[in-house]
Amino acid sequence: MNLPKIEDQDISGKRIFLRVDFNVPIENGIAKDTTRIEKTLPTIELLAKKGAKIIIASHLGRPKGKPNPEFSMKPAFDALEKLTSLSVKFSDKVVGAEVESASKALGNGEILLLENLRFHAEEEENEKKFSESLAKLAEVYVNDAFGAAHRAHASTEGIAHILPCFAGLLMRKEVETLTSLMSRPKKPFVAIIGGSKVSSKIGIIKNLIEKVDHILIGGGMSYTFLKSRAIPIGNSLFEKDYEVQAYQLIDRAGVQGIDLQLPVDHIIADSFSEKAKTKSVDKMGILDAWMAMDIGSKTISNYEKIIKEANTILWNGPMGVFEMDPFANGTIQIAKAVAKSKAVTVVGGGDSIAAVNKAKVADKITHISTGGGASLEFLEGKTLPGVKVLLSEGKE
Ligand code: AMP
C-alpha cells in the first residue's frame, strides 16, 4: 500500500487541515492519557518545520451531534500546549467565517486546534456541504487519524475528495506496520487475543487463523470457548450466540494444524468486584455462581513458553479484569513476556495499551497501535474508508 506522502510536498505558507485522533480519556477536565497526542507530534512538527499553517481537528467521545462541554477539545488543547513549543491557538468553532479568518491569520508553523468535530451531526453523516466547509479552512488535507480511519466521516473521508490529500507519519506507520505484520510475518507468529467479548474478536480470530502458528486466548472471551466444550464456567462471561462459532473455531484450528490454546486454570471471584473473595482453580474448577476473572499461573507459564519462541507477536485484549488489582496479574505477566521477547511485537486496542502501560513495558514494544476499532478492522482484513480514500484520491 503506497499512501501519498506529505514529506515530499512543498507546503511552505500553505494551510493544512490535519485530521488527528485526539480522542483521549478525560477526567475532571484533564486529559488523563496523552499517548495519542504524543504519537501525532512528529507529523505536527514536520508540518511546522516545512512552514505550513496547521489547522488540527479531531473528535472526542460521542457528543451525538450537539455541542456539549463534557466533550470539549479544550483538555486536549491544554495537553498539546504542554507537549509542544509551537504556538497553539484554540477555536471554539469548527466551521464558518470566524474560523476561516482565524485559519488565514495563522503564521507559518502556527497551529489552530478546532473544537470537537462531532459537535456537528453532519460530521458523522459525511455530509458533502460540511466537508466543503471544512475544506474552506485549508489548501491541503493530511490524515494522521488512523484511530478514526474505519469511519467514513466528513473529516476522514469526505474532505479527501475535495482537497489534495496525504497521509501523516503516524497513519503511514500504522498502515505499513499492520500490513507487513499480516502479509509477511516472521514465523513462528503468535497471536494473543483477549478482552471481554467473543463477538468483537471473532472476525480477527477468523482472519488470523490463516496466518498464525499459535493463538493464545485469554480474558472474558475464553469462557464461551470453554463452555462450548462442556467445561463448567459458573457465572463467567458467556455469549450464547457465539458458542457454535467458538466450537467451530477450535475444530478449524485443529484441522489447519494451528495451535489454539485456552486457559487451563483461573482466578475466580464470588462477585465482579475488587473486594470479592477469590480462589485459584484448575481446569474444571470454576464453581457455580463464581466467575473467572483472570488466567491462572499454569496458563501464564504455558503462554510464556510460546511467547519466548515467537518471532512475531500480535496482542489484542487483556487476559483478565486487569483494571482491578487482584485480577491484573495474568495481563501484566503476559505484557512482560511480550516485552522481553525477541520478536517483532505489535499491541493493538485501547485496553491493551492501558495494560502495557500498567506493566510499564510500553517502551519495549515494537509498535503500539493507536487505533482500537480501526486496528481491529484492519486485522480482520477489512478496507478502512479513511485509508481507501487516501489511496484512491492521493497522488504519490
Ligand atoms: P475488550 O474491549 O473486548 O478488549 O475488553 C476489555 C475488557 O475486558 C476490560 O475492561 C477487561 O476488564 C474485560 N475482561 C477481561 N477479562 C475478563 C473476564 N474474565 N471477565 C470479565 N471481563 C473481563
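The values are calculated or read from the model by the stated rules, or taken from the named source; none is laboratory data. What you are looking at is a predicted structure, and each value in this text was computed from that prediction instead of being measured. Please note: Cβ atoms are built from the backbone with ideal geometry, for glycine as well, and neighbour counts cover all protein chains shown. Surface accessibility is based on the protein's heavy atoms, side chains included, excluding ligands, DNA and RNA. Shrake-Rupley method; radii C 1.70, N 1.55, O 1.52, S 1.80 Å.
Observations on the structure shown:
- The convex hull around the C-alpha trace of the stretch 157-305, projected and averaged over every direction, spans 12.2 square nanometres.
- The stretch 185-379: relative contact order in percent, alpha carbon pairs under 8 Å with at least 6 residues between: 22 percent
- Helix 74-83 axis, angle to the chain major axis (alpha carbon atoms, nearest 10°): 90 degrees
- Peptide ranges 257-268, 77-88 listed from the most packed, as the mean C-beta count within 10 angstrom indicates: 257-268, 77-88
- Helical mean residue ellipticity (222 nm; -39500 (n - 2.57) per DSSP H run of 4+; nearest 500) of the chain: -11000 deg cm²/dmol
- Among the listed pairs LYS240/LYS279; LYS283/LYS382; LYS211/LYS340, those beyond 31 Å (Cα-Cα): LYS283/LYS382
- When each of the peptides 138-151, 222-235 is scored by how many other beta carbons lie within 10 Å of its residues on average, the order from highest to lowest is 138-151, 222-235.
- Sequence-distant residues sharing a close amide H with LEU112 (under 5 Å, placed H): ILE54, ILE55, ILE56, LYS89
- Taken as Cα centroids, the stretch 167-215 and the stretch 38-110 sit 32 Å apart, rounded to the nearest whole angstrom.
- Net charge of neighbours whose Cβ lies under 11 Å from the Cβ of GLN333, counting Lys and Arg as +1 and Asp and Glu as -1: 0
- Nearest-ten-degree value, helix 329-340 long axis tilted from longest Cα axis of the chain: 70 degrees
- The convex hull drawn around the Cα atoms of the chain, when projected onto a plane and averaged over every direction, covers 19.3 nm².
- Counting only protein heavy atoms and a 1.4 Å probe, the chain has 42 square angstrom of accessible area per residue.
- Over all pairs of different C-alpha atoms, the stretch 249-301 has a mean inverse distance whose reciprocal, the Kirkwood radius, equals 12.3 Å.
- By accessible area, using a 1.4 Å probe on protein heavy atoms only, the chain has 50% of its surface on carbon and sulfur.
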